[in-house]
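Take a look at the structure set out below.
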Amino acid sequence: GGAVGIIDNFRKAEFIYKGKRKKIKNWLGVDRGHKREMEILINALIKDKNPVEFEEYIYTTITTFAIEESLKDKKPVEIKSFKI
């Protein structure tokens, strides 16, 4: 929709929409979620339950391929909606 957002190392963010630019600093602090991520992983291993649905892995992979294609071709790539 013409909007762009840039997050720089979780320390500052910049949003551009309709030619207007908004900058935010320290909007998430420096916490990158590693501690919580490890808690979820360990809990999943103990309970033998995957905290992420299989479909999420597929969505992430398709999105990654679209990003690579967009960077290579230097143009936006549309990701079609689908059900698994």
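Of note:
- Förster-model FRET efficiency, 35 Å R0, residue 20 and residue 54, C-beta, rounded to 0.05: 0.30
- Reachable lysines, given that their alpha-carbon falls under 17 Å from the alpha-carbon of residue 22 and they are not under 8 places away in the same chain: 12
- Surface per residue (accessible, 1.4 Å probe) for region 1-67, Å²: 90
- Three principal axis lengths of the chain [C-alpha, angstrom, descending]: 50, 34, 21
- Within the accessible area of the chain, the carbon and sulfur atoms contribute 57%, probe 1.4 Å, all protein chains present.
- Partner lysines whose Cα lies under 29 Å from the Cα of residue 49, excluding those fewer than 8 positions away in the same chain, are identified as 35, 83.
- With respect to the chain, whose longest principal axis is taken over its alpha-carbon atoms, helix 54-73 is tilted by about 30°.
- Difference of contour (0.36 nm per residue) and Cα-Cα distance, residue 10 to residue 42: 9.0 nm
- Cα-Cα over 24 Å, subset of 18/75; 18/74; 20/80; 20/75: 20/80
The values are calculated or read from the model by the stated rules, or taken from the named source; none is laboratory data. Here the structure is a predicted model, which is why all the values come from computation and not from measurement. A quick note on method: Cβ atoms are made from the backbone with ideal geometry, for glycine too, and the neighbour counts reach across all protein chains shown. Accessible surface is based on the protein model in full, side chains and every heavy atom, while ligands, DNA and RNA are left aside. Shrake-Rupley method; radii C 1.70, N 1.55, O 1.52, S 1.80 Å.
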